[in-house]
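Working notes, beginning with the structure itself.
The values are calculated or read from the model by the stated rules, or taken from the named source; none is laboratory data. Source: prediction; values computed, not measured. No Cβ is skipped: glycine too gets one built from the backbone with ideal geometry, and neighbour counts run over all protein chains shown.
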């Protein structure tokens, strides 16, 4: 069995690493924060004292990192995979990064006899905790089969999207709709609030027409509309993803005017304490700016 190294025990990574450990994989973990490392040790995982130590003692390295600079450092840095890896080692990056970064790092690893899988994550942190994540995987057939047991331990839906780099490109397409829908829903419900409309009736109408969408029906209903704005996917991360999407589209000579406007709308929220809240809290942000009360269900919905 491959020895597994896991780097990045943040809100998403900790849940996924915990599921790997609970399901019997030989797991070594590394993070800059003490608390999640201690929690994983309690589950039986081995702690690496450095990223270099983790690489040297792993056959497959999983990374869940904030963005392109961090994954570049993990691969190209003085203590990174290129410096301490060996032929046959596989990197599976689950981060959301610039597709050009994935392409460049995959080529650098291949030149040293190593390989890369990009497998960005769908769904929320609560799904990661329960082992119910969705993955969009870019990989060769051989590498996909190698990492599939890991993905099955962390999630319930796995899409093999094609070659390396196709996973992150699929993620950006998906997140374009997800983040823009969240911004749109926040504006829609703020308008309904200003009109004095009944929330439950308004949602019943929307969900009975083609106007309905997953963000409104699933995420809003279980987060902001019941008063839960604890970060599952922060406004900061939503802004980061829209920036990646707009920049990548520009590089491919594709105009995305709606994405550009939505990104600048998120910039307003990002300059306030809302930046660290769940992106469904955009509804509270826009209601606050309009001088309106927060929108909440009158009673808990089933």
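Against the test of being in contact with a strand residue (DSSP E or B) (Cβ under 9 Å, 6 or more places away or on another chain), touching a residue at least 40 places away in the same chain (Cβ under 8 Å), closer than 21 Å to residue 265 by Cβ and surrounded by fewer than 22 Cβ atoms within 10 Å (Cβ to Cβ), the options 193, 174 yield a single qualifying residue, 174.
Screening residue 77 on (1) without any contact (Cβ under 8 Å) to a residue 40 or more places away in the chain; (2) more than 30 Å from residue 222 (Cα to Cα); (3) under 19 Å from the mean Cα position of the chain (by Cα) shows it passes everything except condition (3). Could you check the stretch 1-69 for helices (runs of 4 or more DSSP H) lying wholly inside it with 3 or more residues that are loosely packed, with under 15 Cβ neighbours inside 10 Å? In the stretch 1-69, the matching helices (runs of 4 or more DSSP H) lie at 34-43. Out of the residues in the stretch 229-263 that are more than 15 Å from residue 183 (Cβ to Cβ) and within 19 Å of the chain's Cα centre (by Cα), state the one that is surrounded by the fewest Cβ atoms within 10 Å (Cβ to Cβ). Going through the qualifying residues, I end up with 247. Of all the criteria given as (1) free of Cβ contacts under 8 Å to residues at least 60 places away in the same chain; (2) part of a helix (DSSP H, G or I), the one not satisfied by residue 211 is (2). Scanning the stretch 148-163 for residues that are in a strand (DSSP E or B) and either modelled with pLDDT under 95 or touching a strand residue (DSSP E or B) at 6+ places or on another chain (Cβ under 7 Å) (or both) returns 155, 157, 158, 159, 160, 161, 162. Within the stretch 264-293, being in contact with a helix residue (DSSP H, G or I) (Cβ under 9 Å, 6 or more places away or on another chain), closer than 19 Å to residue 231 by Cβ and without any contact (Cβ under 8 Å) to a residue 60 or more places away in the chain holds for 267, 268, 269, 270, 272, 274, 275, 276, 277, 278, 281, 288. Would you say residue 281 is assigned to a helix (DSSP H, G or I) and buried (at least 22 other Cβ atoms within 10 Å of the Cβ)? So residue 281 passes the test. Of all residue pairs spaced 6 or more apart or on separate chains, those with beta-carbon atoms under 7 Å, a first member in the stretch 248-260 that is in contact (Cβ under 8 Å) with a residue 24 or more places away in the chain and a second member that is part of a loop (DSSP other than H, G, I, E, B) and surrounded by 11 or more Cβ atoms within 10 Å (Cβ to Cβ) are 248/98.
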